[in-house]
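Read the figures in this text as sums done on the coordinates, not as results from a lab. What you see is a predicted model; the values in this text were computed from it and never measured. Neighbour counts run over all protein chains shown; Cβ positions are idealised from the backbone, glycine included.
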Amino acid sequence: LELEKANKELDSFVYTASHDLKAPLRGISSFAAFLEEDYSKNLDSQGQDYLNEIKKGANRLNNLIDDLLTLSRISRIKNPYENVPIRALIEEVAERISFDIKEKKVDLIVADNIPVIICDKIKMAEVFLNLINNAIKFSSRQGETNPRIEIGYYKEGQSHCFFVKDNGIGIEKEYHEKIFGLFKKLHKESEYAGTGAGLSIVKQIIEDHGGKIWVKSDLGRGAEFYFTIPDNLKTQ
């Protein structure tokens with residue numbers, strides 16, 4: 001009970017602090033834009049570099065705050081569990097990111113046997129969105145090979161098991177657990193954009209459903225993300 005209370009208080013603090021940081025950050029971004037618009041001609045190359053670093057730093061911080069707010073919202077908001085046709089949900093998610101799928105020439109393969117399950121539809125969409133986006137990001141620099149993403153399903157005991165496979169850069173075994181930590185990135189911002197919060201968000205959603213998530217991967221040989229959802233959840 002004390003741990004639950006402490007977690008709620010921490011979550012409330014994270015939400016409030018993250019929200020409050022938005023206002024001064026907007027100020028930094030605005031003044032950087034004013035400087036660029038009104039005084040860029042007076043700046044030498046070093047001054048331009050400093051200004052660009054301010055803008056990039058403000059943008060990174062804004063993305064971090066957005067991800068913190070997303071994590072906080074996931075734990076605070078409890079949507080009702082309902083019967084969700086997961087294959088149709090994946091198609092909706094794919095439509096949301098159709099521009100990236102077409103631009104990167106992604107071969108997205110979704111199995112026919114994916115069932116209707118009981119879950120939080122909004123949060124489950126976030127799970128597939130993050131996993132598909134991750135797969136696209138880390139499969140789009142593999143030479144001449146187009147990104148290939150396979151989404152499948154099988155039943156295991158009392159759980160529904162889903163997987164998202166890609167043909168990307170892969171993950172060394174020593175990082176298989178670490179990648180699910182908050183803001184854990186294995187690559188520089190200049191190599192792959194993002195804050196590293198996506199898999200932490202996915203893990204929290206899956207665990208809120210009573211499931212688990214893990215990865216199978218080797219460096220240079222793609223990645224396979226698996227997660228389970230219990231089949232005994234009730235609609236609300």
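Some points to look at:
- Chain lengthening between Tyr50 and Thr145 when straightened (0.36 nm per residue, less Cα-Cα): 30.4 nm
- Each peptide in 127-135, 100-108 gets a packing score, the mean of other Cβ atoms within 10 Å over its residues, and the list from highest to lowest is 127-135, 100-108.
- Relative protection proxy for 49-58, 197-206, 225-234, from highest mean packing down: 197-206, 225-234, 49-58 (other beta-carbon atoms within 10 angstrom).
- In terms of its alpha-carbon gyration tensor, the range 44-141 comes out oblate; a/c meets the 1.5 threshold, while b/c is at least as large as a/b.
- Each Lys or Arg adds one and each Asp or Glu takes one away; over the other residues whose Cβ falls under 12 Å from the Cβ of Phe225, this sums to +1.
- Net charge in the neighbourhood of Ile122 (other residues with Cβ under 14 Å of its Cβ; Lys, Arg +1, Asp, Glu -1) is +1.
- In this structure, the amide hydrogen of His160, modeled 1.01 Å from its nitrogen in the peptide plane, lies closer than 5 angstrom to those of Ile229, Asp231, counting only residues at least 5 positions away or on a different chain.
- Computed lengthening from Glu172 to Arg73, 0.36 nm per intervening residue step minus Cα-Cα distance: 32.5 nm
- Part-to-part distance (alpha-carbon centres) for the range 109-124 and the range 54-108, which is given in Å: 16
- 3J(HN,Hα) along the range 43-53: 9, 7, 4, 5, x, 4, 5, 4, 5, 5, 5 Hz, from the Karplus curve 6.51 cos²θ - 1.76 cosθ + 1.60 with θ = phi - 60°, whole Hz, x for Gly and Pro.
- Using the Cβ-Cβ distance between Glu156 and Arg221 with R0 = 35 Å, the FRET efficiency computed as 1/(1 + (r/R0)^6) comes to roughly 0.90.
- Evaluating 6.51 cos²θ - 1.76 cosθ + 1.60 at θ = phi - 60° for every residue in the range 57-62, the Karplus couplings come out as x, 5, 5, 4, 5, 4 Hz, glycine and proline recorded as x.
- Potential lengthening of the chain between Val110 and Tyr39 amounts to 20.4 nm, from the contour at 0.36 nm per residue minus the alpha-carbon distance.
- The range 62-163, relative contact order [Cα under 8 Å, separation at least 6], %: 30
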